[in-house]
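The values are calculated or read from the model by the stated rules, or taken from the named source; none is laboratory data. Please read these numbers as outputs of a predicted model, since none were measured by experiment. Every residue, glycine among them, receives a Cβ derived from its backbone with ideal geometry; neighbour counts consider all protein chains shown. Only protein heavy atoms, including side chains, enter the accessible area calculation; ligands, DNA and RNA are left aside. Shrake-Rupley method; radii C 1.70, N 1.55, O 1.52, S 1.80 Å.
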Amino acid sequence: MQETEPATLIPSPKAQKLPDDLVSEAAFRWPGEPMASGGMALIWKGDDKRLGREVILKTPRADDELAPNLRALFEQRVVAEAKILGKLQHPSIVTIYELGKSTVGWPFCVMEKVAGRSLRDRLDELAVEEAAAGKRNLRERLELVSNLVAVLEAMAYAHERRVVHRDITPNNILLGSRGEATLIDWGIARDLDAVGTEPVGLDMSPSTSGRWSTINAGTPPYVPFEQTQGLPAHPAYDVYSFGMTLYEVVAGRTPFEWRQLDDSSARQKQVTDFLDWLRDPPPIAPASPDDQELSGIIAKAIVRDQKERFTADDLLRALKQYLTGELVFSHRYSTSGKVVRWIRKHRAVTVSVMTVILAAIAGLIVWLQLSRQAREKAE
């Protein structure tokens, strides 16, 4: 790997209150170019010279044309992300190793390099496969739903520690080769116990993946309406975003069709249309019309009124019940629906009982036949 400076060393516009003994950029080998560029940060795949391990390095944007106040904001976000990840220890949350301080003052995060690819890439690939086959791969989509349980557990864990991610999308979920899933990019996460305010308005800078537009706190079409209004962060934001991600995994699309546009005026119009849709959304079709239980779970996660949404723990409970074949506590069942669900859960018992019943019926038929033949012979 070519060892270079991460970027032109531009002094911080305002000195950060960082300890002097933090690791410097000299402890790492940096590539010539970042692997991804976001609206607020650059992502680099580097090497830790001290321990001989690959790491992810996250630095604030420091473009020459950026206003000093924006550069200062981006630096504050990097430090905030490091502090938030420092209080979260979960196998499905990317691990931060340390916070660094460059020789000219800007901070950077040193994080775990997670192996895998984004859920976004897998969904795009799956859509191509389904188009070629001419039908949906329901088995694969349900497997992805099962993989997302780990991310939901991580989300519930973060909420328990009063942290809201605010940008849960297929871009920010990495899937490993064995089905493991990791929630990454906590750059706009909020610690509800920390003092601070968020800017209000829209920011059409590209997200970390470079493929999706973002607003100042979230990514369309996964962001709820109240999050676009500059209101204080709330765990219900993440429930909605996770629900929208789940909707896309199951249905193969999001309720609001978001397209990647090159023209700036077209992008701005799409944002306006999206906000109008959020403000007064039409009835949303079930994610899976043939599966009322799963569709009902998703619908309660993305309901317009955040007071009516699941909490993360309740959503986790409902999804686990669905995947294990139990009755979902939030779903209203008919008597026939309960019977069908019981049969699905107890297939082995059902098969055994049906075998006994069929054997008994067969025996009865044979007995009746023999009885008839004996009676005819006697006559």
Is at least one residue of the range 152-159 hydroxyl-bearing (Ser, Thr, Tyr), surrounded by 16 or more Cβ atoms within 10 Å (Cβ to Cβ), closer than 24 Å to Lys45 by Cα and in contact with a Leu (Cβ under 8 Å, 6 or more places away or on another chain)? no
So Ala131 clears everything in (1) open to solvent by 40 Å² or more (accessible area, probe 1.4 Å); (2) touching a residue at least 24 places away in the same chain (Cβ under 8 Å); (3) hydrophobic (A, V, I, L, M, F, W, C) except one condition, right? Which one? (2)
Which condition number does Ala299 fail, the rest of (1) of a type outside the set (Asp, Glu); (2) touching a residue at least 12 places away in the same chain (Cβ under 8 Å); (3) in contact with a Lys or Arg (Cβ under 9 Å, 6 or more places away or on another chain) being met? (3)
Could you identify the single residue in Glu54, Glu75 that is at pLDDT 95 or above, among the acidic types (Asp, Glu) and either in contact with a Gly (Cβ under 9 Å, 6 or more places away or on another chain) or surrounded by fewer than 12 Cβ atoms within 10 Å (Cβ to Cβ) (or both)? Glu54
Which of the helices (runs of 4 or more DSSP H) contained wholly in the range 219-318 include at least 3 residues that are of a type outside the set (Val, Ile, Thr) and farther than 23 Å from Val145 by Cβ? 264-279
Do we find a residue being surrounded by fewer than 20 Cβ atoms within 10 Å (Cβ to Cβ) and either more than 26 Å from Arg53 (Cβ to Cβ) or at pLDDT below 95 (or both) anywhere in the range 94-104? yes
Out of the residues in the range 242-259 that are more than 13 Å from the chain's Cα centre (by Cα) and of a type in the set (Val, Ile, Thr), which is surrounded by the fewest Cβ atoms within 10 Å (Cβ to Cβ)? Thr254
Asp191 vs (1) farther than 27 Å from Ile284 by Cβ; (2) under 15 Å from the mean Cα position of the chain (by Cα); (3) modelled with pLDDT of 95 or more: all pass except (2)
